Amino acid sequence: MSLTREQMAMRVARTIEDGSYVNLGIGIPTLVANYIPEGREVMLQSENGLLGMGPFPTEDEVDADYINAGKQTITTVNGSSIFSSAESFAMIRGGHVDMTALGAFEVDVNGNIASWMVPGKLIKGMGGSMDLVAGAKNIVCMMTHTDKEGNSKLLKQCKLPLTGAGCIRRVLTDLAFVEIDIENSRYILRETAPGVSPDEVVSKTEGEMIVADDVREMDV
Amino acid sequence: MSGFDKVVNSYEEAMEGLADGMTVLAGGFGLSGIPENLINQIKKLGVKDLTVVSNNCGVDGFGLGILLEDKQIKKMVASYVGENKLFERQMMSGELEVELTPQGTLAEKLRAGGAGIPAFFTATAYGTPIGEGKEVREFHGRPHILEQAITGDFSIVKAWKADRYGNAIYRGTARNFNPEIATAGRICVMEVEEIVEPGELDPNYIHTPGIFVDRLIQGTFEKRIERRTVREA
C-alpha cells in the first residue's frame, strides 16, 4: 500500500529533532506541522518574515498584518520573532534553518530538483524555493513516486527547468524513503512503504537504484 | 517640511516627481504591508512605462494589480505573480515584461542596492534558467552566480507607526520587504497608520531609521486579506 499524504507527513515529522527551526513548503509538507511528536519543541519559519508560526486564527483573531508565505492568515506562538525579508533569507541562505521539507515535480540521481516551472504552462514564479534548496542544511523532498500516468518522478536526469542543482539528498515518496548518492549518481532505497516490495520501488524508479542491505519496511 | 520633519500633507505631494519610465520599488508581500494609497496615487497620476520591483503584483483590482488596468507597468520584477488574471494576460501577450527573481535574491538585491553594494555572489539559482548567462565563480568548492543590486527612482513603503522624522516601526509580517525597499530608492515615500512626535517612539524599537525616509504621510488602509484562513474557536 502506498502511503497517504498524512502518513508521509508523519514519517517526516518523526525525524524532526527537539529544538529545530523548520521551513515547510506548500502541499504535503505543510501537513508535517500536524504530526510533530509530543514533547518536541519546533519553530516553524515562514519566509515572509516569521519564526514561530502558530495555528490559523479564530474568526476573532484574524489580522491582515499576520500572514504566512502562502498568504494565509496565521497566528504566532510564544517566543516567536518577526523580521524583514532580507533577514528571513539570511536565515535560509546562511544555513541557519535546520530542516526544510518541500515538494517537487522531479528529482534526479545528481541531486537536482525541478519544482517551479513547466514550459508551455503558466509560469507563476519560484517564490523562495530556489533560496531554500540552495541554502538549507537538511532538505527532505516529499512527492509522489510517479505521476498520474505512472511515469517515474525519480529520474536519471531532470527534464524540467531546475530549481536547484545538486542539493537534494533525501526523498520521501508515497512508496519509499530514498537517499541520493550524488557521488555515484544513484538512488539508495532505505525504506519501503508497508506492503510495497523493493522490486516494485526499483521498477518505478527511472534512475539507477540500489537496495540498501538493511532495507526495511517503514513504521507508520 | 523643515529640518528633519518628513511629513507631507497630501498624496499628490507624496508622489511628486514620479514620471514616465521611472523605476518604482514597492514594499509588501501578497497584499500584506503594501503601500495601498501610494499605489492608488500612481494610478491617478497615470504615469506610464514604469519598471516595478515588488515580490508580487497585487491582485485584480487591488494593490499593484490596478496599475495594470491602464498598462502603466512596462516591466515587473517579482518572485511570484500567480494571483492576477490581467497580469497573466499581459504577460502572455508580451505587453508586460516579467523578470522572475528568487525571493531571497530579490531581498538581497534590494538590501545591497540600499547599502551601496553593486553586486554579490550567491549559490541560489545556480544551474537553473535564472542563472543562465550570469558570471559564475567557485567559493568553498561550490559554484555561485553574480547577481546585481537593485536601486530605483522611488521607494514606496508602508509602516505601522512613524515619528515626524521618519523613524518607523512595522507591525507583524506586514514588515516583509518594506525595510529593504525603504533603503533602495532615490526618494523613499512612506505611508503609515499613525504619525507621532519625535521622542514618542523608543529608539530601541525602530526598524527603519528616519535617514532612509524622504516623505511621510498618514493614511487610512483597507488592508485586504488574500486568503482568510480560520480555525474553529
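The values are calculated or read from the model by the stated rules, or taken from the named source; none is laboratory data. Note that the coordinates shown come from a computational prediction; the quantities given were computed from them, not determined experimentally. Every residue, glycine among them, receives a Cβ derived from its backbone with ideal geometry; neighbour counts consider all protein chains shown. Accessible surface areas use protein heavy atoms only, side chains included; no ligands, DNA or RNA. Shrake-Rupley method; radii C 1.70, N 1.55, O 1.52, S 1.80 Å.
Order B:181, B:225 by their accessible area, 1.4 angstrom probe, all chains in place, largest first.
The residues order as B:225, B:181, largest area first.
With a probe of 1.4 Å, find how much accessible area chain B has per residue, and write the answer as a whole number in Å². Please report the intermediate quantities before stating the final value.
Numbers: 9980 Å² over 233 residues.
Dividing the accessible area of chain B by its residue count gives 43 Å².
For the range A:5-217, what is the percent of antiparallel DSSP beta bridges, rounded to the nearest 5?
50
Name the residues of the range A:150-183, by number, that are at least 20 Å² less accessible with every protein chain in place than in the isolated chain; the surface is that of heavy atoms, probe 1.4 Å, without ligands or nucleic acids.
Checking the loss per residue gives A:162, A:165.
Let me see the P(r) profile for chain B: every Cα-Cα distance counted, bins of 10 Å, each bin given as a percent of all pairs.
Whole-percent P(r) values from 0 Å outward: 8, 32, 34, 19, 6, 0.
Which percent of the accessible area of the range B:156-218 is formed by carbon and sulfur heavy atoms (probe 1.4 angstrom)?
46
Put simply, what bits of the range B:121-153 lose 20 Å² or more of accessible area when the other protein chains are there, versus the chain on its own (1.4 Å probe)?
B:124, B:126, B:127, B:128, B:129, B:130, B:142
What number comes out for accessible area per residue over the range A:50-158 if the probe is 1.4 Å? Units Å², please.
With the other protein chains kept in place, the range A:50-158 gives 37 Å² per residue.
Report, to the nearest whole %, how much of the accessible area of the range A:1-51 belongs to carbon and sulfur atoms, 1.4 Å probe, protein only.
The value for the range A:1-51 is 50 percent carbon and sulfur by accessible area.
Would you be so kind as to list the residues of the range A:67-88 that have their accessible area lowered by at least 10 Å² in the full protein complex compared with their chain by itself (1.4 Å probe)?
A:67, A:69, A:70, A:71, A:72, A:73, A:82, A:83, A:84, A:85, A:86
For residue A:159, tell me the accessible area in Å² from a 1.4 Å probe, rounded to the nearest 10.
Roll a 1.4 Å probe over it and residue A:159 shows about 140 Å².
Out of the total accessible area of the range A:111-159 (probe 1.4 Å, heavy atoms of protein only), what percent is carbon and sulfur?
Accessible surface attributable to carbon and sulfur in the range A:111-159 totals 48 percent.
How big is the A/B interface in buried accessible area, both sides summed, 1.4 Å probe, to the nearest 100 Å²?
Summed over both sides, the interface buries about 4000 Å².
Taking every residue in B:33-46, how many Cβ atoms of other protein chains lie within 10 Å of its Cβ, on average?
0
Leaving out same-chain residues fewer than 8 places away, which aspartates and glutamates sit with a Cα under 15 Å from that of residue A:204?
Straight-line reach from residue A:204, under 15 Å: A:106, A:108, A:147, A:149, A:174, A:191.
Please compute P(r) over all alpha-carbon pairs of the protein assembly as shown, binned at 20 Å starting from zero, and give each bin as a whole-number percent.
25, 54, 20, 2
Report the residue, chosen from A:28, A:210, A:188, that carries the largest GNM mean-square fluctuation when chain A is represented by alpha-carbon nodes joined by springs under 10 Å.
A:210
What are the lysines whose alpha-carbon lies under 27 Å from the alpha-carbon of residue B:85, with same-chain residues fewer than 8 places away excluded?
Leaving aside lysines fewer than 8 places away in the same chain, those within reach of residue B:85 are A:71, A:121, A:124, B:43, B:44, B:48, B:71, B:74, B:75, B:158, B:223.
Given +1 on the Cβ of Lys and Arg, -1 on the Cβ of Asp and Glu, and no further charges, what dipole in debye does chain A carry about its Cα centre, rounded to the nearest 20?
660
Taking the Cα atoms of the range B:106-149, report the difference between the largest and smallest coordinate on each principal axis, in whole Å and largest first.
28, 23, 14
Please list B:207, A:96, A:145 from largest to smallest accessible area, probe radius 1.4 Å, with all protein chains kept in place.
Heavy-atom accessible area, descending, gives A:96, B:207, A:145.
Within 10 Å of each Cβ in peptide B:220-232, how many partner chain Cβ atoms are there on average? Round it to a whole number, please.
5
So what does residue B:11 come to for accessible area, using a 1.4 Å probe and Å² rounded to 10?
So the heavy atoms of residue B:11 present about 40 Å² to solvent.
Once ligands and nucleic acids are excluded and a 1.4 Å probe is used, how much of residue A:199 is accessible, expressed in Å² to the nearest 10?
Its accessible surface works out to 120 Å², give or take rounding.
How large is the dipole of chain B about the Cα centre if only Lys and Arg carry +1 and Asp and Glu carry -1, each at its Cβ, rounded to the nearest 20 debye? Provide the component values of the computation, followed by the final result.
Numbers: 26 positive and 33 negative charges, 92 e Å.
Magnitude of the dipole: close to 440 debye.
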